[in-house]
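The values are calculated or read from the model by the stated rules, or taken from the named source; none is laboratory data. Computed from a predicted model, the values in this text were never measured in an experiment. No Cβ is skipped: glycine too gets one built from the backbone with ideal geometry, and neighbour counts run over all protein chains shown. Accessible surface is based on the protein model in full, side chains and every heavy atom, while ligands, DNA and RNA are left aside. Shrake-Rupley method; radii C 1.70, N 1.55, O 1.52, S 1.80 Å.
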Amino acid sequence: MRRWLERAPWPPGRLAPLATLIALVGLVELTRTGLYTVYLPRSLGPVLGLGVVGLAASLQYLADTLGRSAGGHLGERRGLRRVLPAAAALSAVSALGVLYAPGVGWLLAASLANGLVIAPLWPAMMTYSSRAARDGEDGRAVGFTQSLVAPFIGLGVLLTGFLFDHDPRLAAAALAAVQLLVFLLGAAILFRFRSAAAPPRPTTPFPWRKLASLAPGALSQLLAFGLLAPVFFPFIDRLGLGTRELVLALALGGGLEYLLLSPLGRLADRLGPARTLAPALLLAALALIAFSEVRGLGGLIAAALAAGLAQALLIPSWGGLVSRTLPDEHKARAWGALMSLEGLGFALGPVVGGFAWELWGPRAPFWIGAAAYLGVALFYATRLRRSAGA
């Protein structure tokens with residue numbers, strides 16, 4: 001443990017506040033996946049219809065995604081110590097409103113409210129992580145932060161599904177108990193961030209031009225995941241593989257990503273995003289092409305391992321580029337805007353992926369995603385090389 005603390009991308013004094021933020025965001029994500037992926041479809045789906053449940057999930061996600069720029073700006077101007085406890089408390093209340101909604105109108109209103117009030121959380125966490133990082137390790141810090149939140153998302157599905165199978169009331173009680181933890185973590189921020197007063201007003205204009213230069217990368221971050229969302233399981237079915245084989249391949253790919261995230265994050269920070277971002281995007285494109293050529297379990301595992309390698313380099317490279325491009329006084333608002341673009345890319349992906357499958361066949365969504373990554377890689381290879389030579 002002591003050795004890990006010494007090698008962590010953050011100094012020891014910043015770990016406790018950051019851990020509080022990561023736990024808060026993680027529990028909010030656990031709640032989201034538990035509610036909209038498992039509990040509501042299984043409890044209210046047979047009563048209200050899956051269309052209503054899907055609309056509630058879309059309202060929550062869109063409100064969060066589109067509100068992140070404003071949420072980041074609010075946290076930047078008012079300070080984390082003021083904004084985050086209120087966001088946590090309102091998140092807990094609105095999630096309980098979704099969980100115990102007495103009707104369709106209440107369900108939709110509570111879902112919309114929940115998305116809006118959690119919008120400041122992700123920009124605040126990413127901004128604090130990059131600001132708190134040791135010198136020259138901002139990319140690795142951002143990568144680790146995202147990877148530490150990711151298990152909560154899967155846990156929300158697994159835990160809620162396991163409890164629901166035993167008793168739906170037990171699943172509801174567990175999700176309600178999580179909201180108490182969310183409220184307590186929000187209160188803990190009042191003590192963890194005692195010195196985090198509202199920052200001074202910015203002295204320079206908002207860097208719209210720099211933000212625009214990051215837009216292609218933000219849009220492509222989750223585009224491939226969106227492209228494959230509606231077609232991946234039909235693709236696996238065509239291969240004659242089942243859920244067990246898919247879980248094995250994804251576990252191996254995810255395990256490789258976690259294993260390589262630290263060394264490749266150090267490499268990305270040492271060489272700089274100008275040298276690592278384009279190769280990372282190229283690896284991601286090659287991984288998608290590998291998926292399109294899968295013919296059996298061995299090919300699926302190889303493609304998943306290639307994707308894990310690509311993500312282990314792409315996440316810190318992208319985080320380092322964002323952190324080093326944006327001025328510190330505008331970073332929270334800009335992180336929010338970039339996350340909104342990432343969400344839009346993810347929202348656009350399923351439509352494109354579904355129609356591509358129908359029009360051009362099962363391999364088309366993978367090739368479209370690969371082409372997007374290659375285009376963005378070429379853009380940044382040209383732009384960053386030009387900037388480095390200027």
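Counting only residues that are assigned to a helix (DSSP H, G or I), open to solvent by less than 30 Å² (accessible area, probe 1.4 Å), under 12 Å from PRO120 (Cβ atoms) and among the small types (Gly, Ala, Ser), how many does the stretch 54-103 have?
7
For the stretch 305-317, indicate whether the set of residues that are surrounded by fewer than 24 Cβ atoms within 10 Å (Cβ to Cβ) and in contact with a Ser or Thr (Cβ under 9 Å, 6 or more places away or on another chain) is non-empty.
no
Residue under question is PRO46, and the condition is that it be outside any helix (DSSP H, G or I), more than 30 Å from THR127 (Cβ to Cβ), free of Cβ contacts under 8 Å to residues at least 40 places away in the same chain and more than 20 Å from the chain's Cα centre (by Cα); does it hold?
no
What number goes with the only condition from (1) among the small types (Gly, Ala, Ser); (2) in contact with a helix residue (DSSP H, G or I) (Cβ under 6 Å, 6 or more places away or on another chain); (3) modelled with pLDDT of 90 or more that GLY105 does not pass?
Status for GLY105: all satisfied but (2).
I'd like to verify a number: residues in the stretch 1-50 that are of a type in the set (Asp, Glu) and modelled with pLDDT under 85, how many?
Counting residues in the stretch 1-50 that are of a type in the set (Asp, Glu) and modelled with pLDDT under 85 gives 1.
Can you tell me which of GLY186, GLY226 is assigned to a helix (DSSP H, G or I), within 30 Å of ALA307 (Cβ to Cβ), modelled with pLDDT of 75 or more and not charged (D, E, K, R)?
Answer to the check: GLY226.
Mind listing whichever residues of the stretch 208-231 are over 30 Å from PRO327 (Cβ atoms), open to solvent by 30 Å² or more (accessible area, probe 1.4 Å) and either touching a Cys at 6+ places or on another chain (Cβ under 7 Å) or of a type in the set (A, V, I, L, M, F, W, C) (or both)?
The one that is over 30 Å from PRO327 (Cβ atoms), open to solvent by 30 Å² or more (accessible area, probe 1.4 Å) and either touching a Cys at 6+ places or on another chain (Cβ under 7 Å) or of a type in the set (A, V, I, L, M, F, W, C) (or both): ALA229.
Within the stretch 161-168, does at least one residue satisfy the condition of being acidic (Asp, Glu), at pLDDT 80 or above and in a helix (DSSP H, G or I)?
Scanning the stretch 161-168, I find at least one residue that is acidic (Asp, Glu), at pLDDT 80 or above and in a helix (DSSP H, G or I), so the answer is yes.
Is there any pair with a first residue in the stretch 75-94 that is closer than 15 Å to GLY336 by Cα and a second that is charged (D, E, K, R) and open to solvent by 30 Å² or more (accessible area, probe 1.4 Å) whose Cβ atoms are under 7 Å apart and which are 6 or more apart or on different chains, and what are they?
Qualifying pairs under 7 Å: GLU76/ARG333.
Would you pick out the residues in the stretch 281-290 that are open to solvent by less than 20 Å² (accessible area, probe 1.4 Å) and within 24 Å of VAL247 (Cα to Cα)?
ALA284, ALA285, ALA287, LEU288, listed by residue number.
Restricting the stretch 241-258 to residues that are touching a residue at least 12 places away in the same chain (Cβ under 8 Å) and farther than 11 Å from GLN311 by Cα, which is surrounded by the most Cβ atoms within 10 Å (Cβ to Cβ)?
ALA249
Any residue at all in the stretch 194-214 that is under 26 Å from ALA287 (Cβ atoms), of a type outside the set (S, T, N, Q), assigned to a helix (DSSP H, G or I) and in contact with a helix residue (DSSP H, G or I) (Cβ under 8 Å, 6 or more places away or on another chain)?
Yes, there is a match, as at least one residue in the stretch 194-214 is under 26 Å from ALA287 (Cβ atoms), of a type outside the set (S, T, N, Q), assigned to a helix (DSSP H, G or I) and in contact with a helix residue (DSSP H, G or I) (Cβ under 8 Å, 6 or more places away or on another chain).
What tally of residues in the stretch 343-372 results from selecting those that are under 26 Å from GLY71 (Cα atoms) and either of a type in the set (Gly, Ala, Ser) or buried (at least 23 other Cβ atoms within 10 Å of the Cβ) (or both)?
The qualifying residues number 4.
Pairs needed: first member in the stretch 139-160, within 20 Å of LEU264 (Cα to Cα) and among the hydroxyl-bearing types (Ser, Thr, Tyr); second member anywhere, at pLDDT below 80 and not in a helix (DSSP H, G or I); C-beta distance under 6 Å; at least 6 residues apart or different chains.
none
Only residues in the stretch 211-237 that are within 14 Å of SER340 (Cβ to Cβ) and small (Gly, Ala, Ser) count as the first member; pair them with residues that are assigned to a helix (DSSP H, G or I) and open to solvent by 40 Å² or more (accessible area, probe 1.4 Å), Cβ under 7 angstrom, at least 6 apart or cross-chain, and list the lot.
Filtered contacts from the stretch 211-237: ALA215/LEU341; ALA218/LEU341.
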